[in-house]
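The values are calculated or read from the model by the stated rules, or taken from the named source; none is laboratory data. Values in this document were obtained by computation on a predicted structure and should not be read as measured data. Here the Cβ is made from the backbone with ideal geometry for all residues, glycine too, and neighbour counts use every protein chain on show. Protein only, heavy atoms only, side chains kept; ligands, DNA and RNA dropped before computing areas. Shrake-Rupley method; radii C 1.70, N 1.55, O 1.52, S 1.80 Å.
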Amino acid sequence: MYLANRLDSFQESVIREMTRKAIENDAINLSQGMPDFLPPKELISGVEEALMKEEHQYSITYGRTDLREKIAGKLKQYNKMDFNPNDEITITCGASEALTSSIFALMNPGEEIIVLEPWYENYVPITYLAQGKPIFVPLAENSFDIDEERLKASINSKTKAIIINSPHNPTGKVFSLDDLKIIADLCVDNNIVAITDEIYEYIIFDTLSHKSLGSIDSIRDQTITVSGFSKTFSITGWRLGYVAANRKLMDGIRKCHDYLTVCAPSLLQYATLRAFTLGNKYYEDIRKRYQVNRDYLMENLHNHGFKIFKPKGAYYLFADITEFGMNDLEFSNFLVKNKGVAVVPGSSFYSKKRRNHGSRFVRFTFSQKLATLKEAIERIEKKL
Ligand code: GLN
């Protein structure tokens, strides 16, 4: 009875609960998206060096100036976007905090955020915490395409923002430039802010290349771009992300960031500067690594009766389990307890109303070493 009513709208993360279940059951953890191999040695030696320097105190709230400058350079070169590192970029405690600070900065009670369904778990609880209301707009049933008409119909005078995530968690869908233009036009026409979560921007397969929503000129000043270092450099536990937005939006985001976290970890900001010494080969190699993983896991799960949407980016497989005659929760429990492999039940990416759509799926991550994936497949194959 002491707790705030808004907490009733959501539960703790199922993704992170599955990690705990993986540990309890001594299972291979293919639930929470994180690698089981070391980050690049340059980053590790950066931490060692930081330890011996005066990097043990707070950094300035917005993040180290030199790191923000590097990020500005990367945004220009890779994302084709110009942001001033002084007042348009902030370093946060992971992309998660970048999203939280952004959503807190935008919402008045009762205002709405459009969330494309299925969605990455954090978006909805953050919206409730900010006293906003998520409006779920389903992606098309099997292709996960954007349904433009449905999207248009969901916009009204309370709509404040839309969240787009490409490459997409949990499906691996990569939205095309035409899709992004649809979103941009809708936002411009209706004066809505676009929050774009691009944390998987370097994990993109086949012949695709990453496109940033904010690089479309018309929407530049009403776009909040969120990304980070976790996935690209295999440092999910460092909690280092960033947010870029025009100065007016950033003023508000910084106010929230300042009081939520003060600053991102100083030692690790220092070490992360080393990420910018890595050349193209590094980025090529991680793409290749995850593409090999994707192909291996997809083929092997397919051979065992899973129906799989082929991911074009990120490191997740959204697998249809209809074949097995269990719902997602039963199946995930069975897998973690009886086979020693942890996955995420699909319904955790859907709203309560459309939970049954999600219960046909489970999500596997292929962020681990290939050898780990092989062991997981062996475990799944083993008769009890
Ligand atoms: N993005 C990761 C996932 O979906 C988890 C991120 C997190 O737990 N903060 O598994």
Looking across the range 163-194 at residues that are farther than 28 Å from residue 308 by Cα and in a strand (DSSP E or B), the single one that is farthest from the ligand (Cβ to nearest atom) is 193
If you go through the range 19-32 one residue at a time, do you hit one that is away from the ligand (no atom under 16 Å from the Cβ) and either touching a Leu at 6+ places or on another chain (Cβ under 8 Å) or free of Cβ contacts under 8 Å to residues at least 12 places away in the same chain (or both)? yes
If we only count helices (runs of 4 or more DSSP H) wholly inside the range 43-149, which ones have 1 or more residues that are among the basic types (Lys, Arg)? 65-77
Do we find that residue 217 is free of Cβ contacts under 8 Å to residues at least 40 places away in the same chain and either closer than 21 Å to residue 62 by Cβ or open to solvent by 30 Å² or more (accessible area, probe 1.4 Å) (or both) in this structure? yes
Residue selected from the range 158-182 under the condition of a type in the set (Val, Ile, Thr) and under 22 Å from residue 199 (Cα atoms), by the criterion surrounded by the fewest Cβ atoms within 10 Å (Cβ to Cβ): 182
Please give the number of the condition residue 86 fails out of (1) open to solvent by 90 Å² or more (accessible area, probe 1.4 Å); (2) out of contact with any Lys or Arg (no Cβ under 8 Å at 6 or more places or on another chain); (3) more than 16 Å from the ligand (Cβ to nearest atom). (2)
When you check residue 50 against the structure, is it open to solvent by less than 30 Å² (accessible area, probe 1.4 Å) and over 21 Å from the mean Cα position of the chain (by Cα), yes or no? yes
Number of the condition not met by residue 257 [criteria: (1) buried (at least 19 other Cβ atoms within 10 Å of the Cβ); (2) touching a Phe, Trp or Tyr at 6+ places or on another chain (Cβ under 6 Å); (3) not small (Gly, Ala, Ser)]: (2)
Within the range 288-306, can you find the residues that are open to solvent by less than 70 Å² (accessible area, probe 1.4 Å) and either part of a helix (DSSP H, G or I) or in contact with a strand residue (DSSP E or B) (Cβ under 8 Å, 6 or more places away or on another chain) (or both)? 290, 291, 293, 294, 295, 296, 297, 298, 300, 301, 306
Those residues of the range 125-157 which are surrounded by 18 or more Cβ atoms within 10 Å (Cβ to Cβ), touching a residue at least 60 places away in the same chain (Cβ under 8 Å) and over 21 Å from the mean Cα position of the chain (by Cα), in sequence order: none
Which one is surrounded by the fewest Cβ atoms within 10 Å (Cβ to Cβ) among residues in the range 345-361 that are within 16 Å of the ligand (Cβ to nearest atom) and more than 15 Å from residue 13 (Cα to Cα)? 358
Which ones in the range 267-286 are touching a Lys or Arg at 6+ places or on another chain (Cβ under 8 Å) and surrounded by fewer than 19 Cβ atoms within 10 Å (Cβ to Cβ)? 273, 276
Could you figure out which of (1) open to solvent by 10 Å² or more (accessible area, probe 1.4 Å); (2) farther than 24 Å from residue 295 by Cα; (3) touching a Gly at 6+ places or on another chain (Cβ under 6 Å) isn't true of residue 330? (3)
